[in-house]
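Just so you know, all these numbers are worked out from the coordinates, no wet-lab data involved. Everything numeric in this text was worked out from a predicted model, so none of it was measured. Please note: Cβ atoms are built from the backbone with ideal geometry, for glycine as well, and neighbour counts cover all protein chains shown.
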Amino acid sequence: MRSGRRQLIVRQILFLLTLLAGCGQVFGETAAPGVTEVGRFLWTDPDKEFGGLSGIDLSPDGRTFTAVSDRGTLWQGTVERKGQVVSGMTVAHKARLHDARNRPLDGDSEGLALSPDGTIYISFEGPARVLAYDTPDGAATALPHPREFNTMERNGALEALAIGPDGALYTMPERSGQARRPFPVYRFRDGRWSVAFSIARTDTFVPVGADIGPDGLFYLLERDFTGIGFRSRVRRFDMTSGQAQTLFQTATNTYDNLEGLAVWRDATGAIRLTTVSDDNFKFFQQTQIVEYRVTD
């Protein structure tokens, strides 16, 4: 298909989706006080392997990034900004993820968490597992595998991964198994997995990304596919009390398929939420960087 024809089809599809989404805003858009969108950036790259980004992590100053594709590719580089708004993403290194036997992985890599000591942790959907990497190009070290991971849906397992200040890892499945069954949040600490807490399932949103903020709170990115596009939501949780706050919830097609979340603190002291969308390697979808600022 010629590029001009393809671009026309993309515009027609996006226009149709916009019309459908606007015909009846059954799902409204909300934001908590002190929560504002900072900007959005369309990330493109000529590399044929670029796309499908399902996890992202940023340095504490928001200047460097690590991102993982759901086809087993890791991307690292710098975040360019004009003022406080993302203006570019410069890739400095690309690596193909390997398993514990140093064989290239086919994919299903979803969640991403970086330890202060440089260890890279990746969670996977099929089969459900978490691998650790000393270097992006090296062989993986498999974390212990609890029996609960064996019962998870192959296309609905460990989408989200986060690391706490004490080095504990937190992960959870995208699917809980039943419409009203809570989502268990698994914690890996002192060499063993346990259920740290659970998140009630009260609607059609499912978890796709997570991070522990510099404030010690658990931030969760959630997604809902409405049939004509995606809705996104970010909530934060006090892991001790279980108290939750919705920071923002979008209408259908406000953004593309947001899947990765990084939480950090900017130079003003405000919390930043940096999200990335998974374009599923489809020509009619986009890789977007969307950022929110939280002052309360």
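Taking label positions 7 Å along the Cα-Cβ direction at both Asp99 and Asp296, the computed distance is 4.9 nm, reported to one decimal. For semi-axes √(5λ) of the Cα gyration tensor in Å, the candidate list reads (1) 44, 29, 15; (2) 27, 23, 20; (3) 40, 19, 17; the entry that matches the value derived from this model is (2). Taking packing as the residue-averaged number of other Cβ atoms within 10 angstrom, the listed peptides 98-105, 218-225 run from highest to lowest as 218-225, 98-105. From helices alone, the chain scores -2500 deg cm²/dmol at 222 nm; the rule is -39500 (n - 2.57) for each run of n ≥ 4 DSSP H residues, then divide by the residue total.
Here the ratio of the Cα radius of gyration of segment 24-110 to 2.2 N^0.38 Å is 1.36. Relative contact order of the chain, taken over Cα pairs closer than 8 Å and 6 or more residues apart, is 20 percent.
The ellipsoid that matches the Cα gyration tensor of segment 202-245 has semi-axes, each √(5λ) in whole angstrom, of 23, 11, 6, with the longest given first. Rounded to the nearest whole Hz, the Karplus-based 3J(HN,Hα) values (6.51 cos²θ - 1.76 cosθ + 1.60, θ = phi - 60°) of segment 157-168 follow the sequence 9, 7, 6, 10, 8, 9, 10, x, x, 8, x, 5, with x at glycine and proline. Amide H contacts of Arg201: Phe183, each under 5 Å away and 5 or more positions distant or on a separate chain (H built 1.01 Å from N in the peptide plane; Pro and chain starts excluded). Here Leu97, Leu114, Leu74, Leu42 are placed in order of increasing Cβ neighbour count within 10 Å, fewest first, which gives Leu42, Leu114, Leu74, Leu97. For segment 160-176, backbone nitrogen atoms closer than 16 Å to the point 7 Å from Ala244 Cα along Cα-to-C-beta are found at 160, 171-176. Model label points for Arg154 and Gln178, set 7 angstrom from Cα along the Cα-to-Cβ axis, are 2.5 nm apart.
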